[in-house]
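Q: Take a look at this one; I'll ask things after.
The values are calculated or read from the model by the stated rules, or taken from the named source; none is laboratory data. Bear in mind the structure is a predicted one, so any value in this text is a computation, not a measurement. Please note: Cβ atoms are built from the backbone with ideal geometry, for glycine as well, and neighbour counts cover all protein chains shown.
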Amino acid sequence: MTEKEAMLEQIKELMVNFETDKLISTVKEALEKGIPGKEILSGGLIEGLQYVGEKFEKREFFLPELMMSADVMNQVMVILKPEIAANDSADSEGRVVLGTVQGDIHDIGKAIVGALFEASGFEVTDIGVDVPPETFAREAKAVNANLVAISCLLSTGISKLTETIHHLKTENVDALTIIGGAVVNEQVAESVGADLFATDAWQAIGVIKNGLKKQ
Ligand code: B12
């Protein structure tokens with residue numbers, strides 16, 4: 001195992017054990033050693049969160065652990081967000097309205113998507129979590145958005161995605177739609193009528209740049 005792999009493994013372990021202080025100092029150390037923020041996120045922290053999710057599914061962890069994992073992640077993101085943003089290039093690309101679908105309050109992934117979109121030159125209006133279809137449409141019109149980006153982490157949110165995208169169309173919002181989050185994939189994107197889909201924030205940058213170019 002290389003030193004980098006060992007550090008990422010340690011970061012994952014600390015995330016899973018909710019050792020916030022040690023985790024924060026290890027993340028800082030990893031950044032000092034030149035491990036990119038993106039890799040710390042995907043190779044350490046997100047793997048840790050996935051593990052927490054699996055434990056939750058197996059009923060080995062419960063809601064307090066889920067909440068703890070979110071709290072730890074939010075604290076670490078305070079350090080990582082500026083680092084990730086600083087390392088992605090910027091030039092003016094368009095206006096994005098970003099929110100989590102109605103009924104869903106998960107916002108960690110959305111925050112990463114927002115940070116990367118901004119870092120890539122998009123003007124991002126983050127309209128929060130548990131966002132009703134009408135608010136997506138209103139806000140998209142208000143900023144004349146080129147893109148509406150919707151996060152969805154719950155299976156129960158999929159029908160709301162359909163409703164939201166349908167509402168955007170009936171309100172004649174002239175913007176592409178992109179969805180992402182743990183429970184959505186290419187098939188779901190097609191079934192709910194979204195224009196674009198990406199598995200993570202980094203892939204999303206390429207996908208939306210391509211999508212907007214074709215418009
Ligand atoms: C932390 C967490 C919580 C926290 C959220 C805190 C917060 N502020 O966000 C709390 C404790 C509040 C919570 C609550 C619940 N949760 Co929860 N939670 C999680 C957990 C462990 C991690 C999610 C996370 O932040 N991941 C890290 C981020 C970085 O990843 P991400 O969100 O997937 O985002 C990345 C990509 O998906 C993508 N992406 C995300 N959004 C978007 C949007 C666009 C446009 C694009 C392009 C890309 C994109 O890019 C991101 C970065 O690359 C997951 C497990 C998991 N594996 O996902 C369960 C999970 C999502 N939760 C789950 C459940 C069931 C719940 C509850 C219903 C539990 C309960 N019984 O009350 C509630 C629902 C509350 C609600 N109404 O929303 C289930 C969902 C299962 C399902 N199929 O529906 C999961 C999968 C756990 C599990 N395995 O059972 N949860």
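Q: Output the residue which, of all residues in region 116-143 that are more than 10 Å from the ligand (Cβ to nearest atom) and modelled with pLDDT under 95, is surrounded by the most Cβ atoms within 10 Å (Cβ to Cβ).
A: Filtering region 116-143 for residues that are more than 10 Å from the ligand (Cβ to nearest atom) and modelled with pLDDT under 95, the one surrounded by the most Cβ atoms within 10 Å (Cβ to Cβ) comes out as Phe122.
Q: Any residue in region 195-205 that is farther than 24 Å from Leu49 by Cα and near the ligand (Cβ under 9 Å from one of its atoms)?
A: Looking for residues that are farther than 24 Å from Leu49 by Cα and near the ligand (Cβ under 9 Å from one of its atoms), one finds at least one in region 195-205, hence yes.
Q: Considering only residues of region 28-78 that are closer than 18 Å to Ala111 by Cα and among the charged types (D, E, K, R), which is farthest from the ligand (Cβ to nearest atom)?
A: It comes out as Glu39.
Q: From the residues in region 185-204 that are surrounded by fewer than 21 Cβ atoms within 10 Å (Cβ to Cβ) and assigned to a helix (DSSP H, G or I), which one is nearest to the chain's Cα centre (by Cα)?
A: Looking at residues that are surrounded by fewer than 21 Cβ atoms within 10 Å (Cβ to Cβ) and assigned to a helix (DSSP H, G or I), I get Trp202.
Q: Can you confirm whether region 176-184 contains a residue that is of a type outside the set (Val, Ile, Thr), part of a loop (DSSP other than H, G, I, E, B) and more than 10 Å from the ligand (Cβ to nearest atom)?
A: No, region 176-184 contains no residue that is of a type outside the set (Val, Ile, Thr), part of a loop (DSSP other than H, G, I, E, B) and more than 10 Å from the ligand (Cβ to nearest atom).
Q: Within region 144-175, which residues are assigned to a strand (DSSP E or B) and small (Gly, Ala, Ser)?
A: Ala149, Ser151
Q: Kindly indicate which of Leu80, Leu31, Leu63, Leu98 is outside the structural domain of Leu147 (by TED's automatic domain parsing) and crowded, with 18+ Cβ neighbours inside 10 Å.
A: Going through Leu80, Leu31, Leu63, Leu98 in turn, the sole match is Leu80.
Q: Give region 96-115 a look and list any residue that's in a helix (DSSP H, G or I) and either at positive phi or more than 6 Å from the ligand (Cβ to nearest atom) (or both), or say none.
A: Ala111, Gly114, Ala115
Q: Between residues in region 138-164 that are in the same structural domain as His106 (by TED's automatic domain parsing) and over 30 Å from Leu49 (Cα atoms) and residues that are away from the ligand (no atom under 11 Å from the Cβ) and part of a helix (DSSP H, G or I), which pairs lie under 9 Å by C-beta distance while being six or more apart or on different chains?
A: Correct list of pairs: Ala140/Leu168; Ala145/Glu139; Asn146/Leu212.
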